[in-house]
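Taking it in order: structure first as structure tokens, then the write-up.
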Amino acid sequence: MISARTVRNFHSFRALRASSNLKDALRDVIPTKRQELLDIKKNYSDVKVGDITIGSVIGGMRGNQSMFWQGTSLDPQEGIRFQGLTIPDCLNQMGGISEIHGGRSSLLPESMLWLLMTGKTPTKQQTNDLSKELGERALNFPSKVHKLVSSLPEGMHPMTQLAIGLASLNQYSSFAKEYEKGTIGKNDYWDYIYEDVLNLVAYLPLLTGQIYANITNNSKPLGEFSDKVDWSHNIAALLGMTTDSVNKHNLSQERANDFTDLVRLYTAIHVDHEGGNVSAHTTHLVGSALGDPYISYSSGIMGLAGPLHGLAAQEVVRFLTEMNSKISSPKNETEIVDYLWSILNSHRVVPGYGHAVLRKPDPRFVAMLNFAKERPQEFNEDKNVYLMQKLSEVAPTVLMEHGKCKNPFPNVDSASGILFHHYGIQELLFFTVIFGCSRAMGALTQLVWDRALGLPIERPRSLDFGAIKSLCRK
Ligand code: CMX
């Protein structure tokens, strides 16, 4: 194990860093993709993509397919595909046993990062090497940033703390430094952006652990970082959720392993959800003005902090615990239905239900639910987890009868927060920080591709009332 001080003193070893070859694999695929985009631009720029309507202009651009996004696509009926692979495909093809995480068989977010960057599923060796590379990059976490983040007040919103930490890393951006010199050509932007992105992803477990220590432990570390374990294991350890950490919740070895697997699964399936969601879109937009990855993702994190987006997992925990305190039993369907109507009749939303694009149950929700179902001894006695599952059977009928939302089915947030809560993460505002660790991989992979493909600054036109009314008259 390596202490935080060793981490801070490691700058001089930068040159010895292990390399996973991800960058070479990425470099290999860039020329073909560049050529494809040039051909499309030259020959097909006038082809129409659906119809943009006034409804879309005043309705949050809903249904407006106007962003280019490399890594994932979202089908309303089927859900997310990562470079063409569904979640079950990813679990089957990449969820095997891996050396660096103690022979457990979970899907690692490192595999997803490789897949998103290159379009190819990594070998076990490539995933292991990438885990090691991220571990070694984390040893360069700047001591000044560590000091700044550990001085943030306990009561500050954890997402604000994360955004501050990320934005302050901007002083170490290799892209910003090279750009400042005025010597790099457009074709090389991606190379420096890539370095920043991998460093940012590597630093996230350390930032996350420090933020959790700030809000729960007077800023004192709850665990130690190690470059010998996978990225998610470090998140779990620094939250004090492994047996070799402070182990705040006295988890047995088996429960601690399960919690780490939960972090692995959660962070693997949250990496990306096509480009239009608020956090990914914000990162892409800020980056389009050539903001470096640190300030771009710091902005994206602030987007993720909204209750209609990443913060919904916290709302769900509050909602389930409150409902459980008001109904006689989570098995009582009549009382659940009445409770839901009382929410809807007071013009509130049922958190964890609905989606701007999806029109079926979210496959990420199914993956989270399966995690609980595979561990009946762990979860059977938890009445909040029971209610979460029961609600997924009852709420769609009520929401359909209510007739407002276009998708009455559960989204991923209806299950994720309550599982973290079950293992002892009780600080509800904190859940979104773990979401933020994961979403970095998708949003920032796209930033590498944005620069590799030379995408321009994003600058849509807007219409005022006069222009809209004149269109209506026509
Ligand atoms: N409960 C009650 N009403 C809902 C609802 C829900 N879960 N979901 C949507 N509605 C309502 C909307 O508020 C809207 O009402 P108004 O016409 O009065 O404004 C109407 O149904 C139509 O909305 P929609 O087109 O179906 O949904 P949107 O695309 O506008 O919004 C979302 C999508 C996710 C913001 C919305 O479903 C919602 O607020 N859900 C609850 C919060 C939540 O779970 N968010 C997490 C989403 C996942 C993520 O992005 O991270």
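The values are calculated or read from the model by the stated rules, or taken from the named source; none is laboratory data. Since we're looking at a predicted model, the values are computed, not measured. Using ideal geometry, Cβ is built from the backbone for each residue, glycine included, and neighbour counts are taken over all protein chains shown.
Among helices (runs of 4 or more DSSP H) entirely within the range 227-293, having at least 3 residues that are among the polar types (S, T, N, Q) singles out 253-269, 278-288. Scanning the range 264-279 for residues that are in contact with a strand residue (DSSP E or B) (Cβ under 9 Å, 6 or more places away or on another chain) and either surrounded by fewer than 21 Cβ atoms within 10 Å (Cβ to Cβ) or within 22 Å of M94 (Cβ to Cβ) (or both) yields I269, V271, D272, H273, E274, G276. State all residues of the range 53-81 that are aliphatic (A, V, I, L, M) and farther than 29 Å from V271 by Cβ; if no residue qualifies, say none. If the condition is that a residue be aliphatic (A, V, I, L, M) and farther than 29 Å from V271 by Cβ, then I54, V57, I58 are the ones that fit.
Any residue that is touching a residue at least 12 places away in the same chain (Cβ under 8 Å), within 20 Å of S325 (Cβ to Cβ), part of a helix (DSSP H, G or I) and within 13 Å of the ligand (Cβ to nearest atom) - is there at least one of those in the range 399-413? Scanning the range 399-413, I find no residue that is touching a residue at least 12 places away in the same chain (Cβ under 8 Å), within 20 Å of S325 (Cβ to Cβ), part of a helix (DSSP H, G or I) and within 13 Å of the ligand (Cβ to nearest atom), so the answer is no. When the test is whether a residue is surrounded by 23 or more Cβ atoms within 10 Å (Cβ to Cβ) and in a helix (DSSP H, G or I), L107 does not pass it. Determine, yes or no, whether S416 is in contact with a Phe, Trp or Tyr (Cβ under 9 Å, 6 or more places away or on another chain), within 16 Å of the ligand (Cβ to nearest atom), farther than 30 Å from G185 by Cβ and at pLDDT below 95. Yes. The set of residues from the range 254-301 being away from the ligand (no atom under 16 Å from the Cβ) and among the acidic types (D, E) comprises E254, D258, D261, D292.
Could you say whether any residue in the range 60-80 is of a type in the set (A, V, I, L, M, F, W, C), part of a strand (DSSP E or B) and within 16 Å of the ligand (Cβ to nearest atom)?
Yes, the range 60-80 contains a residue that is of a type in the set (A, V, I, L, M, F, W, C), part of a strand (DSSP E or B) and within 16 Å of the ligand (Cβ to nearest atom).
Identify all residues within the range 73-82 that are touching a residue at least 12 places away in the same chain (Cβ under 8 Å) and either closer than 20 Å to P410 by Cβ or surrounded by fewer than 20 Cβ atoms within 10 Å (Cβ to Cβ) (or both); write none if there are none. S73, L74, P76, Q77, E78, G79, I80 - these are the residues of the range 73-82 that are touching a residue at least 12 places away in the same chain (Cβ under 8 Å) and either closer than 20 Å to P410 by Cβ or surrounded by fewer than 20 Cβ atoms within 10 Å (Cβ to Cβ) (or both). Residues of the range 336-361 that are among the small types (G, A, S), under 12 Å from A395 (Cα atoms) and either more than 9 Å from the ligand (Cβ to nearest atom) or touching an Asp or Glu at 6+ places or on another chain (Cβ under 7 Å) (or both): G352 alone.
Tell me yes or no: at least one residue of the range 430-439 is among the small types (G, A, S), under 27 Å from V337 (Cα atoms), in contact with a Phe, Trp or Tyr (Cβ under 9 Å, 6 or more places away or on another chain) and within 16 Å of the ligand (Cβ to nearest atom). Let's see the steps before the verdict.
Within the range 430-439, the first condition is being among the small types (G, A, S), and the residues that meet it are 436, 438.
This time we only want the ones that are under 27 Å from V337 (Cα atoms), so: none.
Among the residues of the range 430-439, not one is among the small types (G, A, S), under 27 Å from V337 (Cα atoms), in contact with a Phe, Trp or Tyr (Cβ under 9 Å, 6 or more places away or on another chain) and within 16 Å of the ligand (Cβ to nearest atom), which makes the answer no.
For the range 83-97, a residue qualifies if it is exposed (fewer than 13 other Cβ atoms within 10 Å of the Cβ) and either within 24 Å of A440 (Cα to Cα) or within 16 Å of the ligand (Cβ to nearest atom) (or both), and the qualifying residues are G84, N92.
Candidates in the range 307-317 are the residues that are within 10 Å of the ligand (Cβ to nearest atom) and part of a helix (DSSP H, G or I); of these, the one that is modelled with the highest pLDDT is V316.
Scan L304, L320 and give me the residue that is buried (at least 24 other Cβ atoms within 10 Å of the Cβ) and within 12 Å of the ligand (Cβ to nearest atom).
That would be L304, the only listed residue that is buried (at least 24 other Cβ atoms within 10 Å of the Cβ) and within 12 Å of the ligand (Cβ to nearest atom).
Look through L139, L166, L162, L130 and report the one residue that is surrounded by 23 or more Cβ atoms within 10 Å (Cβ to Cβ), under 23 Å from N21 (Cα atoms) and modelled with pLDDT of 95 or more. Let's see the steps before the verdict.
Working: L139 fails: surrounded by 23 or more Cβ atoms within 10 Å (Cβ to Cβ); L166 fails: under 23 Å from N21 (Cα atoms); L162 fails: under 23 Å from N21 (Cα atoms).
Going through L139, L166, L162, L130 in turn, the sole match is L130.
Per the conditions (1) away from the ligand (no atom under 16 Å from the Cβ); (2) assigned to a loop (DSSP other than H, G, I, E, B); (3) surrounded by 12 or more Cβ atoms within 10 Å (Cβ to Cβ); (4) of a type in the set (A, V, I, L, M, F, W, C), the sole criterion not satisfied by I457 is (3). Which ones in the range 37-59 are in a helix (DSSP H, G or I) and either within 16 Å of the ligand (Cβ to nearest atom) or not hydroxyl-bearing (S, T, Y) (or both)? Answer for the range 37-59, where residues must be in a helix (DSSP H, G or I) and either within 16 Å of the ligand (Cβ to nearest atom) or not hydroxyl-bearing (S, T, Y) (or both): L37, L38, D39, I40, K41, K42, N43, I54, G55, S56, V57, I58.
Scanning the range 432-454 for residues that are over 20 Å from L290 (Cβ atoms), β-branched (V, I, T) and touching a Pro at 6+ places or on another chain (Cβ under 9 Å) returns T432, V433.
Could you tell me how many of the residues in the range 409-427 are touching a Gly at 6+ places or on another chain (Cβ under 7 Å) and of a type outside the set (D, E, K, R)? Let's see the steps before the verdict.
Step one: list which residues in the range 409-427 are touching a Gly at 6+ places or on another chain (Cβ under 7 Å), which gives 410-411, 413-414.
Now restrict to residues that are of a type outside the set (D, E, K, R): 410-411, 414.
Number satisfying all stated conditions: 3.
Counting only residues that are among the small types (G, A, S) and in a helix (DSSP H, G or I), the range 110-124 holds 1 of them.
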